[in-house]
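The values are calculated or read from the model by the stated rules, or taken from the named source; none is laboratory data. Just so it is clear, the structure is predicted and the values come from calculations on it, not from any experiment. Methodologically, a virtual Cβ is constructed for each residue, glycine included, from the backbone with ideal geometry; neighbour enumeration extends over all protein chains shown.
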């Protein structure tokens, strides 16, 4: 039932490497991007060695194989998040592009000056800046669900905001800094009662939790392959069919059209309407292999394992004098531990840990407003995934004591 | 244990000799390193001959950015502005006595960027100033 982390680690070649002679890699930066297991690397390698061709319209063997692989991956991804149809899965470059797709198409077709969009104070820049840009262009209004001192969304304020009839509620399912897992189903239900459309930034949740778009009743849901054992350069936007069908296309070009005349075009059907030009085909194949891999390990087991590692990490980190953790207690969060260390800048913490092969991230993690809210320019962040171990947590803790010693 | 955190850097970070602000001042400039949130402001007093008579830095950030600011400010007092325009990346690395990768180089060079933008009277500090 529970996950065998030693067996899992054997699937990830990079985890066997040393960062310098005799110093094994301790990778605690999976929230930024996950490492890639052999089945993903091999699927992409196999695609390039055997089946590489441009997709759709080709009639030769390779083109048919490539098309079938590209579309089979879409089916897998749809099933993984329990979408009713693969037509609801639009390939994008990443979560950021998925959110921008909604901002450029649905929002520009449906929002006008004065319309309210509700975001939260814990958003990644990718779910802030597209709306800032639309605000500048269209004069839409933005308001924010506040984050409490405990690192949770203040749902009472949210309910009050909903009385102003928002058109869209766009929020992160899981904070990339605080690790907070937000009550997405409840946020969406309340938004729908107020007549709003919802967009879920699921970049951090889809890799780590079982996400079911039908149970959530999400209108749009965005995520990236590279945070879930897949390659960079590909992500997905899930949308409800009736919304996607009414939306204007995104980028114009080949593949997104049904017919082109010299002076006009007719857009293609879903999902191709939103996929202009030659897409990331090998990456789609890798994305599908990543979904297969995570499914074979089991999302429930992954979540349980991460929770155990994170709980242990929070416990151990809390003991360190001068270390301050951000975000809610383990019960409300995923495998993320963001912290500051008195007297030492996070960049210095990360740099010194790197000497011991420990990879963590330091900075504002593309969530500058959230850091401003807590009155700090930056944090150090360790994050965990299915291959993380408690031994690695111990190495992290020892490393932090070394940092303290150096800065004495 | 490691070159990057030589004693001189830790010492200038923890006990900077030239942290503060000058009021009045003749030149003042500030800028951020958006990557890690480092912030540096440098104030200068300059006499009629164009020589720096006093200088201070203020701000916050990592040990590399703050130590290099302290070392830089210490080194420019008594120097003519024209000479400061000639300072470059290598001067900073020589002062720190270390070599840096591309990410941390930005931290180390922030103070020089701020200084030169101020000396040239520019509206914005650009990376070209320290190349």
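Only one entry of A:49, A:17 meets the criterion of being in the same structural domain as residue A:285 (by TED's automatic domain parsing) and without any contact (Cβ under 8 Å) to a residue 24 or more places away in the chain, and that entry is A:49.
Does region A:145-155 include one or more residues that are assigned to a loop (DSSP other than H, G, I, E, B) and either over 24 Å from residue A:176 (Cβ atoms) or touching a helix residue (DSSP H, G or I) at 6+ places or on another chain (Cβ under 6 Å) (or both)?
Taking every residue of region A:145-155 in turn, at least one turns out to be assigned to a loop (DSSP other than H, G, I, E, B) and either over 24 Å from residue A:176 (Cβ atoms) or touching a helix residue (DSSP H, G or I) at 6+ places or on another chain (Cβ under 6 Å) (or both).
Scanning region A:367-386 for residues that are surrounded by fewer than 24 Cβ atoms within 10 Å (Cβ to Cβ), in contact (Cβ under 8 Å) with a residue 12 or more places away in the chain, part of a loop (DSSP other than H, G, I, E, B) and away from chain B (no Cβ under 11 Å) yields a single hit, A:374. Residues in region A:321-351 that are away from chain B (no Cβ under 14 Å), more than 23 Å from the chain's Cα centre (by Cα) and in a strand (DSSP E or B): A:323, A:324. Of all residues in region B:31-46, those satisfying the criterion of being buried (at least 17 other Cβ atoms within 10 Å of the Cβ) and part of a loop (DSSP other than H, G, I, E, B) are B:36, B:37. Scanning region A:288-307 for residues that are closer than 21 Å to residue A:394 by Cβ and in contact (Cβ under 8 Å) with a residue 40 or more places away in the chain gives A:304, A:305, A:306.
Considering region A:352-362, the residues that are touching a helix residue (DSSP H, G or I) at 6+ places or on another chain (Cβ under 7 Å) and either free of Cβ contacts under 8 Å to residues at least 60 places away in the same chain or more than 18 Å from residue A:388 (Cβ to Cβ) (or both) include one that is farthest from the other protein chains (Cβ to nearest Cβ), namely A:353.
Within region B:33-46, the residues that satisfy the criterion of being within 14 Å of chain A (Cβ to nearest Cβ) and in contact (Cβ under 8 Å) with a residue 40 or more places away in the chain are B:33, B:35, B:36, B:38, B:40.
Scanning region A:85-96 for residues that are buried (at least 22 other Cβ atoms within 10 Å of the Cβ) and assigned to a helix (DSSP H, G or I) yields A:88, A:95. Screening B:61, B:78 for residues that are over 15 Å from the mean Cα position of the chain (by Cα) and at positive phi leaves exactly one candidate, B:78.
Consider region B:47-88 and keep the residues that are within 14 Å of chain A (Cβ to nearest Cβ) and not in a helix (DSSP H, G or I). The one that is surrounded by the most Cβ atoms within 10 Å (Cβ to Cβ) is B:62. Only one entry of A:56, A:82 meets the criterion of being more than 25 Å from the chain's Cα centre (by Cα) and not in a helix (DSSP H, G or I), and that entry is A:56.
Here residue A:298 meets the list (1) modelled with pLDDT of 95 or more; (2) in contact with a helix residue (DSSP H, G or I) (Cβ under 8 Å, 6 or more places away or on another chain); (3) more than 12 Å from chain B (Cβ to nearest Cβ) almost entirely, failing just condition (2). Apart from one condition, residue A:146 fits all of (1) closer than 24 Å to residue A:332 by Cα; (2) out of contact with any strand residue (DSSP E or B) (no Cβ under 9 Å at 6 or more places or on another chain); (3) in contact (Cβ under 8 Å) with a residue 24 or more places away in the chain; the exception is (2).
Touching a helix residue (DSSP H, G or I) at 6+ places or on another chain (Cβ under 7 Å) and either more than 30 Å from residue A:13 (Cα to Cα) or buried (at least 22 other Cβ atoms within 10 Å of the Cβ) (or both): is that true of residue A:100 in this structure?
Yes: the conditions hold for residue A:100.
In region B:119-131, the count of residues that are closer than 23 Å to residue A:348 by Cβ, at pLDDT 90 or above and part of a helix (DSSP H, G or I) is zero.
The number of residues in region B:1-30 that are in a helix (DSSP H, G or I), over 15 Å from the mean Cα position of the chain (by Cα), buried (at least 16 other Cβ atoms within 10 Å of the Cβ) and more than 11 Å from every other protein chain (Cβ to nearest Cβ) comes to 0. Yes or no: residue A:132 free of Cβ contacts under 8 Å to residues at least 12 places away in the same chain, within 24 Å of residue A:243 (Cα to Cα) and assigned to a helix (DSSP H, G or I)? So residue A:132 passes the test.
When you scan region A:173-184, do you find a residue that is free of Cβ contacts under 8 Å to residues at least 24 places away in the same chain and surrounded by fewer than 23 Cβ atoms within 10 Å (Cβ to Cβ), even just one? Give the derivation first.
Filtering region A:173-184 down to residues free of Cβ contacts under 8 Å to residues at least 24 places away in the same chain leaves none.
No, region A:173-184 has no match at all.
One residue stands out in region B:96-113 among those that are surrounded by 21 or more Cβ atoms within 10 Å (Cβ to Cβ) and either free of Cβ contacts under 8 Å to residues at least 60 places away in the same chain or out of contact with any helix residue (DSSP H, G or I) (no Cβ under 8 Å at 6 or more places or on another chain) (or both): the one that is farthest from the other protein chains (Cβ to nearest Cβ), namely B:112.
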